[in-house]
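This report refers to the structure that appears directly beneath it.
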Amino acid sequence: MSKLIRLPEKMNQEPYEQLINDSYRSDHALIMGSMFADIMESRKLEVTKEQARFIMATLKLWSTKEDIDRPIVVNAPCGYGKSTMLEVFATYMSRTHDRFGCIIVKPLLKEVRKTVEAINTTVGYKVAFGLAGANSFATKEEYQQQWEDQVKYPILVITQEMFARKANARNLESISTFYDSEGRKSKREQLIVDEKPKLIQKSVLSERTLLELYLDIKKVAGRSSGVVQKFEVVYEQLRRKLTKHAQQFSKLEPIQPSFFIPKKLKLAWEQKYEGNNFDLLYAFEQVIKKGGILQTNQHGETYVDHSQRAYFEWSQFNSFILDGTAKLDYDYGTYADDFLIMQPQEKKSYKHVTFKLGDETTMSRTFFKDSKNAFERVVDMLKTDILPKHKQVMIVVYKADLEKYQEALADYSHKIMWKHFDNGRSSNEYAHCDAGVFLGWLIKPANHYLGQTQAITGETPDTGFNSHKTKGYELADPRAEEIKLAELIVERIQDIERVRLGATDTPKTIYMFHKDVDMLQEITKHFPQSNVEWFKTNLTDKKQTAESKLVEFFMGMSEGQEVKGKFIYEEVLGVDRKTLQRLLKQPRVQQIMLELGISKVGQKFVKQ
């Protein structure tokens, strides 16, 4: 993949090695490292030499008293024990440091509660406190009481949603301190975010939501007529642009670049607003200042999409993010100058993993809609070619089709674990599966990727796009198209990791289908030394092309194998020598030969 988007830099070898050396001279890091090793041994999980070095370096970083000038992204692969390391750190520091405090951010409320219980149980008394949303309480008073209670505990555990809300309101200060047992005010110095936080803030403003915002502002501002009047001027300008818009997509130019929400209104909004659209005020401010993407849907409803980088006061804490796919994730481009990525120096081996790839279809929603008997053919493929070969299989499908698949494969329910696309990323429930099958891709609407581009680059992109033979559609702005491809790759890697490829040496197989073979290869490259095979299907009535046959043959060659060119064009492809020469010039074929180490030596093809 080219890099039109700048991503954060990676920690260099020299400071990484220095960090490791310092960790082995630190009693605290050594004890925590030993605790971590004992836990992993009790789970019968091997810790490699580089894994141990990386864990020690991370624990040393977390326990440092000096200010760290920018957030560190801990980019270790799945199965490295990042969450275990976090609990070891929190429990050990609580036992040994009187004034230690930190904030831990988890994706879901159930994980917040689980973490709080684990830390308190291990320490032996309550040092951790979990915050919950208003819908977890019977009354408003109970919800408010937790904010008073949280200052009594050194470790605060909250959800990503609550963390983002506090950050966007510029109010992380309210959770940055606590009072110890002697009544001394102390700082929660570390901020550790488990899984990528919401780095991009997306908002949609329609005529209806604009009116609701206007009425809410009048309600919270009270008699501050000057505040309301300032809002009304730009509100009316934006409303008129929505009313007059008639295109599918177009750019909304900035209305008033110097506009800002008065501090008096921001304060009133935070103190008095009780609705579900807290971030709408700040989204409105950004739309007026920077513009956005106008869209009119098939029902004639017009709205403006605005995406911006989420606001985080990283410098208030020594901040860390635990994310196994950070180095590939373009969302981190929002803070390209601020983040530093730390990753292990070794490349984990995935020799036990086999990828079976099919390029006959993309498994898109259109394929299932337009291809004759597509669903029945896929079900037959599962019954005949996949399920009999495995003990437990994770099958990922479109949410709308889940019940249909479950009914069609009811006789195999004992060996299938179902999942639909886009239902979260952190889960261990599929770890025991020996195979994963992906029946589709979560390609989002164009305005999603355009919004991502706006947030990452700070510019409103070209809104054009065209249908594409292998990609579904292609965005006119090359930055937006690259972001789209990168997001598809990252999401697929995260879903593949559900079967915990890196946490075991048990053989596992992943089945994927897409006409864009380059994209499939970008995914498999994330798993070094994995095996890649071509997977034949009968999902369409189209005949396999000579190019696909050649690629399939090359992918099936073993190391050291030599094959005469004449055998390939006569026996494998059924073509003449000139056709083979033409096929060898195709970018896809050249790329496969390069990646597999296949070269033409005289009249033979040799795999190194």
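The values are calculated or read from the model by the stated rules, or taken from the named source; none is laboratory data. Being a predicted model, the structure only gives us computed values, none of them experimental. Note that each Cβ is placed from the backbone with ideal geometry, even for glycine, and that neighbours are counted across all protein chains shown. The accessibility values were calculated without ligands, DNA or RNA, using every heavy atom of the protein model including side chains. Shrake-Rupley method; radii C 1.70, N 1.55, O 1.52, S 1.80 Å.
Of the set (1) in contact with a helix residue (DSSP H, G or I) (Cβ under 9 Å, 6 or more places away or on another chain); (2) among the small types (Gly, Ala, Ser); (3) closer than 21 Å to residue 502 by Cβ, all apply to residue 26 but (3).
Scanning the range 470-486 for residues that are open to solvent by 30 Å² or more (accessible area, probe 1.4 Å), assigned to a helix (DSSP H, G or I) and of a type in the set (D, E, K, R) yields a total of 1. Hey, does the range 195-203 have a residue that's in contact with a Lys or Arg (Cβ under 8 Å, 6 or more places away or on another chain) and loosely packed, with under 14 Cβ neighbours inside 10 Å? No, the range 195-203 contains no residue that is in contact with a Lys or Arg (Cβ under 8 Å, 6 or more places away or on another chain) and loosely packed, with under 14 Cβ neighbours inside 10 Å.
Conditions first: (1) touching a strand residue (DSSP E or B) at 6+ places or on another chain (Cβ under 9 Å); (2) assigned to a helix (DSSP H, G or I). Residue 293 passes all but one, so which condition is the exception? Residue 293 satisfies all of (1) touching a strand residue (DSSP E or B) at 6+ places or on another chain (Cβ under 9 Å); (2) assigned to a helix (DSSP H, G or I) except (2). Filtering the range 340-388 to residues that are free of Cβ contacts under 8 Å to residues at least 60 places away in the same chain, open to solvent by 70 Å² or more (accessible area, probe 1.4 Å) and either closer than 23 Å to residue 533 by Cβ or hydrophobic (A, V, I, L, M, F, W, C) (or both) leaves 380, 383, 384, 388. Evaluating residue 263 against the criteria (1) surrounded by 15 or more Cβ atoms within 10 Å (Cβ to Cβ); (2) modelled with pLDDT under 90; (3) not aliphatic (A, V, I, L, M) leaves one unmet condition, (1).
Against the conditions (1) open to solvent by 80 Å² or more (accessible area, probe 1.4 Å); (2) within 30 Å of residue 501 (Cα to Cα); (3) modelled with pLDDT under 80, residue 525 satisfies every one except (3).
Within the range 311-323, take every residue that is part of a loop (DSSP other than H, G, I, E, B) and at pLDDT 90 or above and give me the one that is farthest from the chain's Cα centre (by Cα). It comes out as 317. Among the criteria (1) small (Gly, Ala, Ser); (2) modelled with pLDDT under 80; (3) surrounded by 16 or more Cβ atoms within 10 Å (Cβ to Cβ), the one residue 565 does not fulfil is (2). When you look at residue 503, is it surrounded by 22 or more Cβ atoms within 10 Å (Cβ to Cβ), among the small types (Gly, Ala, Ser), within 30 Å of residue 48 (Cβ to Cβ) and under 22 Å from the mean Cα position of the chain (by Cα), yes or no? So residue 503 does not fit the description; no.
Applying the criterion of being within 24 Å of the chain's Cα centre (by Cα) and at pLDDT below 90 to the residues of the range 466-482, the residue that is farthest from residue 287 (Cα to Cα) is 470. Taking the condition open to solvent by 50 Å² or more (accessible area, probe 1.4 Å) and touching a strand residue (DSSP E or B) at 6+ places or on another chain (Cβ under 9 Å), does residue 467 pass? Considered against the rule, which asks whether it is open to solvent by 50 Å² or more (accessible area, probe 1.4 Å) and touching a strand residue (DSSP E or B) at 6+ places or on another chain (Cβ under 9 Å), residue 467 comes out as yes. Of all positions in the range 487-507, none carries a residue that is in contact (Cβ under 8 Å) with a residue 40 or more places away in the chain and under 16 Å from residue 593 (Cβ atoms).
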